[in-house]
1. Arranged from highest to lowest average of other beta-carbon atoms within 10 Å per residue, in what order do the peptides 96-103, 11-18 appear?
2. Give me, ordered by chain and number, the residues 5 or more places off Lys72 or on other chains with an amide H under 5 Å from its own placed amide H.
3. Looking at Leu134, Leu63, Gln101, which one has the Cα that reaches farthest to the positive end of the dipole of the chain (charges on Cβ: Lys, Arg +1; Asp, Glu -1)?
4. For segment 67-159, what class follows from the C-alpha gyration tensor (a ≥ b ≥ c being the square roots of its eigenvalues): rounded when a/c is under 1.5, otherwise prolate if a/b is larger than b/c, else oblate?
5. Report, by chain and number, residues whose modeled amide H sits under 5 Å from the one on Phe95, excluding near sequence neighbours (fewer than 5 apart, same chain).
6. Add -39500 (n - 2.57) for each DSSP H run of 4 or more in the chain, then divide by its residues: what number comes out at 222 nm, to the nearest 500 deg cm²/dmol?
7. Order of 31-38, 109-116, 142-149, 68-75 by packing, highest average Cβ count within 10 Å first?
8. Can you give the charge dipole size of the chain about its Cα centre, rounded to the nearest 20 debye, using +1 on the beta carbon of Lys and Arg and -1 on the beta carbon of Asp and Glu?
Amino acid sequence: MIKTHLDILLADDDTDDCIFFTAAVDELKLSHLLTVVHDGEQLMQMLSKDLGNDGFAPLPDVLFLDLNMPRKNGRECLQEIKSSEHLKALPVIMFSTSFEQEVVNLLYKNGAQYFIRKPADFSQFKKIIQQTLLLMAKKNISQPNRENFVLTVQNSVAV
């Protein structure tokens, strides 16, 4: 079953990357709501808002979380999200321009859905973001095998 609408949360402090991400999402023929925060503390405050009958705000369908952000980095946010009873089911796509195998292994171990190394080329960035969102729209939210955890344009997800 394909979701016809996605609520997407983007946590990234890089203004250019936020613009590229927004452009990539807007080109998709998929109904969506994109919310952007610019640091880890802002992200965690948003996710922990006390609203609604169950005491929490509704969660987005997917979170794209930059690894290197000010105030609270992506690793810290991921750990906090996955240790929270309310937040742990949220699919988290980690992404960064850097690629350190030890860090990627830790992100996998801590429950991130996927890791995307941000391509420098906008067309490649757009392609990998769009393919990942289409995968999320198909509700394929279980963590893959370790070999399929890192997404690149070359090994992009089959949708």
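FYI, it's all coordinate maths here, none of it is from the lab. Given the structure is predicted, the values throughout are model-derived calculations rather than measurements. Don't worry about glycine lacking a Cβ; one is built from the backbone with ideal geometry, like all the others, and counts go over all protein chains shown.
1. 11-18, 96-103
2. Gly40, Glu41
3. It is Leu134, whose Cα lies furthest towards the positive end.
4. The shape class here is oblate.
5. Leu65, Asp66, Leu67, Ile116
6. -10000 deg cm²/dmol
7. Packing proxy ranking, top to bottom: 109-116, 68-75, 31-38, 142-149.
8. Once rounded to the nearest 20, the dipole reads 600 debye.
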